[in-house]
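FYI, it's all coordinate maths here, none of it is from the lab. Keep in mind that what you see is a predicted model, and the values were worked out from it rather than measured. Here the Cβ positions follow ideal geometry from the backbone for every residue, glycine too, while neighbour counts run over all protein chains shown.
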């Protein structure tokens, strides 16, 4: 508020710069590693920025032939061996994340509307959904494996979509609820006076007003689905491969990991999340607090 | 202990807007000065500069003759009551009152004593243990006032302290505040847009508009001798009537015709011939039931009832004018006879909007 | 129906909703409700059953035919050092991570509270970590804390001799990179929450405190922090719940090892269920965790409720 | 059994029959095993791959059949060339699912629960077969073996101990993952060193026969101030149990007695652990934290006396990246003196094994593929892949020029010798639990958190609990069986 002393300003600016460096450093390292040729992955001292940048790691991720060539070239290094393309994991993740997001947002919007405008189930009803998010997924994963085995849902798109939809519903219901609450019910009332049914009034009056909010919710949930790991790890066994599973797959033997390849896969797989994240930056707080804190 | 304040040639600009330009003002010791103006006139900016939240672009702020520009807010010995009272909502009333003392490092016992005394003085005893968030507006107002008074500020700044209160609380508070100020001999700068507050409490009023001081003077002066159309219109309730007039001059003598009254001699002054304005307080019209020599009959359009007096709205040429009459005066009548005393009207220059100064006044023939 | 719901408060007080309207609003919540039931309630019932059996896939029977052992799983859990250890370790991780996240977040938020050039851009830059896929973030930290990674390199440069410490293989230190990864990734969220809270603080209360002569520290602790309490409560609640579930970084960085040195509750249960395949036993552990978590959450959910109310 | 017969360990089944006769306790088990139908197969070792392909082609005739193989990531180089040939000969398509190599056993076991049918054939690590067999996910291959397997198929494999569980065939070992020792030949043959060493110990430097000798040599060469280190043995938790396992067996004991009471915490076990902890002092600095890759890279520096490892280790050390290429001596893991007799206990601790999923709609075709892939001709093709995981496991492999070039002759000699006499891992249901318990406690002892005695007592107590939970009676059946198929020379000495 009052004018700061110069040394204080310098200190503050340095702190800001330091925090930015720390925020960026792991990502820098990921990207930097993804561009390193094989023999620099585990060099000592580590190479910060390679002199010989290569796209080889990215080729290994996406082109099985490149992976096999690479493996053949690295004679004796049996641990550094990959095969198969990551395309499938992007495809699978895209299908699962998109559909699960769609269901979550549609179901969530309907439920949120019902909860806000009709007080369905009373004051405490929405909390029931919230408890879903408090469940450690690992606690339900064991019975889900059992249940899925009976229902033949293991290792299927539908199984993961079901799990993702359920576990993101708390977010969609609570976020969209907070958006609907921002729109006065009187607006719908005005439409209803003109003879419109209530649900239609919601669709034609309120929904367009909260379109941005619903879209943000969708992106937010897409991010969650795209990044999910535990369910994918346990509920799939090879037919379905999500990107997180693919990343974890580039692990070799007891010895170590395919740093460069893993970094390449990591850089690519996290890109959509970063992009969507910044698009909805304004709503991140609302999302991650279930709509409790608004901007 | 109470202080003088001098503002000289203050300027503050936000982007393209000159919020305060060339403001100079002096507040004497123990004086109650109101800074009166419509919202956006720059009075809050001025206040923020005095308090030290804003640094003026130019000019000086001096308390007791010492420049405050390099003094941080908390060292200026200023007490500030905000429009929203800014009660620390998470603290109890007691802690709110003790906050300033605590910050100054006053001992616990002393703090306790002063809080009790202040609570006693402002009749807040029953609120002391309540949480800040649980108070109603008038309680907040009182606590806010007590919270600054307890630190014995050299200068008390009040920023629209009554705008959130309802009418009766306001009326009560005006008296109490004035009394308190007198008994403490406290210098007060009172910022408001409400002329009633300013008129009823102030020793002097500074009327402000668009970053400029329009006029500084006692309430009487401001009311009787506004310097321009803005001040004339801003002060007075019911509001002053402004009607067009046509000016004839011979030498420096001015003769005015209005839509209904002719040949009003306004004495000497500098004014061009042509259309100008007449500002006439509603009290200045003399309303009668019977016609008299220089009265005109005006049709009654509607009546506002203020209880102790009524305001008749009469058709005056193309305008409506308000005329104050006793209750029941216009009962069942369509026409009222109105005469006008030229001594009580203000002639306003159409181009400069300034009130024309008249050297001598002669009653119209 | 329509008229009643015009005004939400009126609706709330409205005498028993008309029968015709009721199915409609219930129908609206039905898809969400059914999904949740399918994926949460059914498994919970199955957990109840499994927790009293000693079902192990290696015994070759399907889960619904497993032999009940009644309370013995719980009895064993009570004496299972690894389970208790994982529980305590998880609580430690939650306390350390959430506390540090909050402390750093508050510090950062205060830095970003004042207006300065490029501030918005800097905020976007600082929150980058929370935009990263957690598995990728964990991988990045795996590389950073590799014995041949840049962290060791920096330490080497500082101390002036080669430092090749294998953080993740040392039982005493392996938890550190995991916690740092978690803190790195989620401090930005905490920061955003706190910053939002700070920016929405009533400015005049702070100004009032300034004019009353309070020092910056006093203003912060006596005025700002109390005002921030609800926001901070929500932030702590949300982050504690999420941190309690911590899995991805542990899995990627250590798998709970070396030994059980970094086994958090999720990792313990994963290892138990999917490495040792002691499904019944882990179901019992899961049930205990569920009960604990839900009761804690119900107790703590008041701030959320208040904010929404 | 006469010892010295190099081909012993291959004759698993025969030996088991003999063992059965000798062990009254096994009488109950014997019938189901012995009453296996006589072999109907006309195939011989040389043409088994052709016969298998033919049989598969007939079974799949007129249908479009696809087999899916779940394999540890990185083994495609071993599997694909063989699979391509199979497809070529039979028209049966092969697809692959890759999972991280540390997780394949879990994934296969999970399939027992989820039954997705996502694979027909899998390549789990051998030590997991007991769990997998008990879970019901593996097809008991006896009936198919009776139909298609040539007489000496398993005798020809140098190590087939892990293929059987409770007397039934569940898979084919396809990887020779036995522990082998690596020594710095220049140091061994250095005259000055030899003199200094024999002056002190009374015998010359050599490829050590016993752990005592190895420990003495490591101590001799360990001069960190001169940049020389005794050894590059593993001390990370994941690996530590394996070395102790060999040291313990070399002292002449089975890990469990006939009643499944742990013997690991007897005096020999404690001694073995004390020696292991003492040897830690003569290892290079990174030993406690370094995994496999770092380990062989470190030994490749050429400043360490000895190392332990597998074929993969040799592939690196024999490459141009290694400074010690061509300067190594090899040997099996050291043994010990039991009652005045030298006992060698080389150890087979990992290895991939072809198994067939019980969820597979085509178990017989799937079996035929595994038979095809493990046939001498085809497995040679698989092992040839220089980047792959599969190490030699049949006599034929050691004669292959390409394989010899990759591994070097001296190594292969030591490897073959080890393979023939390898002791098995603890092939019991719950192997992972037993071993993890052991690993944690050994590490605790190594870093000084527990005394060796404490560590092993704790392990033994935990083992008893695990055995009880797994079902003692069932475990005993397998343990008796397993003991009966330990290599004869070892089995006779162990108590």
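Cut-off 17 Å, label point 7 angstrom out along Cα-to-Cβ of residue D:449: give me the residues of region D:413-441 whose amide nitrogen falls inside.
Within reach of a label on residue D:449, which here means backbone N under 17 Å from a point 7 Å along Cα→Cβ, region D:413-441 contributes D:435-441.
Give the separation of the Cα centroids, region B:134-198 to region A:95-111, in Å.
56
Once you order the gyration tensor axes a ≥ b ≥ c over the Cα atoms, which shape class does region D:135-271 get: rounded for a/c under 1.5, otherwise prolate or oblate by comparing a/b with b/c? Intermediate values should be presented prior to the final figure.
Values: a/c = 2.87, a/b = 2.02, b/c = 1.42.
Since a/c reaches 1.5 and a/b is larger than b/c, the shape of region D:135-271 is classed as prolate.
Between 0 and 90 degrees, rounded to the nearest ten: what's the tilt of helix D:211-221 against the longest Cα principal axis of chain D?
Between helix and principal axis, roughly 50 degrees.
Measuring from a point 7 Å past the Cα of residue A:211 along Cα-to-C-beta, which residues in region A:259-286 have an amide N at less than 20 Å?
Hits in region A:259-286 for residue A:211 at 20 Å: A:279-283.
Could you pull the Cα extents of region A:6-73 along its three principal axes, largest to smallest, in whole Å?
Reported extents, whole Å, longest axis first: 60, 25, 15.
Considering Cα pairs under 8 angstrom that are at least six residues apart, work out the relative contact order of region A:6-73 and quote it in whole percent. Could you put the intermediate results ahead of the total?
Working: 34 pairs, mean separation 15.0, N = 68.
In percent, rounded to a whole number, it is 22.
Taking a label point 7 Å from the Cα of residue B:301 along the Cα→Cβ vector, which residues of region B:317-358 have an amide N closer than 12 Å to it?
Inside the label zone: B:317-323.
What FRET efficiency would be calculated for the residue pair residue B:172, residue B:246, taking the C-beta separation as r and a Förster radius of 51 Å, to the nearest 0.05?
On the way: r = 48 Å, r/R0 = 0.93.
Using R0 = 51 Å, I get an efficiency of 0.60.
Quote the relative contact order of chain D in percent (integer), defining contacts as alpha-carbon pairs under 8 Å separated by 6+ residues. All intermediate terms of the calculation are to be shown ahead of the outcome.
Numbers: 951 pairs, mean separation 128.7, N = 495.
Worked out over chain D, it gives 26 percent.
7 Å from Cα along Cα→Cβ at both residue C:172 and residue D:321: what's the point-to-point distance in nm?
In this crude spin-label approximation the distance works out to 3.2 nm.
For the Cα atoms of chain D, what angle does the longest principal axis make with the long axis of helix D:267-279, in degrees from 0 to 90, nearest 10?
Between helix and principal axis, roughly 70 degrees.
Within a 10 angstrom radius of the beta carbon, how do B:355, C:223 rank from fewest other beta carbons to most? Show your work: numbers first, answer last.
On the way: B:355 21, C:223 25.
With the sparsest Cβ surroundings first, the list reads B:355, C:223.
When the convex hull of the C-alpha atoms of region D:340-394 is computed, what volume per residue in Å³ does it have? Working shown, then result.
On the way: hull volume 7.9 nm³, N = 55.
So the per-residue Cα hull volume is 144 Å³.
So for each of D:61-67, B:49-55 I average, over its residues, the number of other beta carbons within 10 Å; can you give me the resulting order with the highest mean first? Numbers along the way, then the final one.
Values: D:61-67: 12.7, B:49-55: 21.0.
Those peptides, ordered most packed to least, come out B:49-55, D:61-67.
Measure out, as a whole number of angstrom, how far apart the alpha-carbon centroids of region D:412-426 and region D:277-320 sit.
Rounded to whole Å, the Cα centres lie 20 Å apart.
Just to verify a number: FRET efficiency for residue D:267 and residue C:72, C-beta to C-beta distance, R0 = 22 Å, to 0.05? Before the final figure, lay out the partial values.
Details: r = 35 Å, r/R0 = 1.58.
E(calc), rounded to 0.05, equals 0.05.
Would you calculate the separation in nanometres between label points at residue C:34 and residue B:233, each defined as 7 Å from the Cα along the Cα-to-beta-carbon direction?
So the label points at residue C:34 and residue B:233 sit 6.8 nm apart.
With a Förster radius of 41 Å, plug the Cβ-Cβ distance of residue D:147 and residue D:413 into 1/(1 + (r/R0)^6) and report the FRET value to the nearest 0.05. Walk me through the numbers on the way to the answer.
Working: r = 36 Å, r/R0 = 0.89.
It comes to 0.65.
Note down the nm distance, to one decimal, between modelled labels 7 Å out along Cα→Cβ at residue D:204 and at residue B:341.
Each label point lies 7 Å from its Cα, and together they span 14.2 nm.
Give me log10 I(q)/I(0) at q = 0.15 Å⁻¹ for region C:79-308, Debye formula, one equal scatterer per alpha-carbon, no solvent.
-1.08
Please report, largest first and rounded to whole Å, the three semi-axes of the ellipsoid equivalent to the protein assembly as shown, where each semi-axis is the square root of five times an eigenvalue of the C-alpha gyration tensor.
Values: eigenvalues 1569, 246, 153 Å².
Semi-axes from the Cα gyration tensor: 89, 35, 28 Å.
Specify the angular offset, from 0 to 90 degrees and rounded to the nearest 10, of the alpha carbon long axis of helix B:108-121 from the longest principal axis of the alpha carbons in chain B.
30
Taking Cα centroids, how far is region C:214-240 from region A:216-248 in Å?
35
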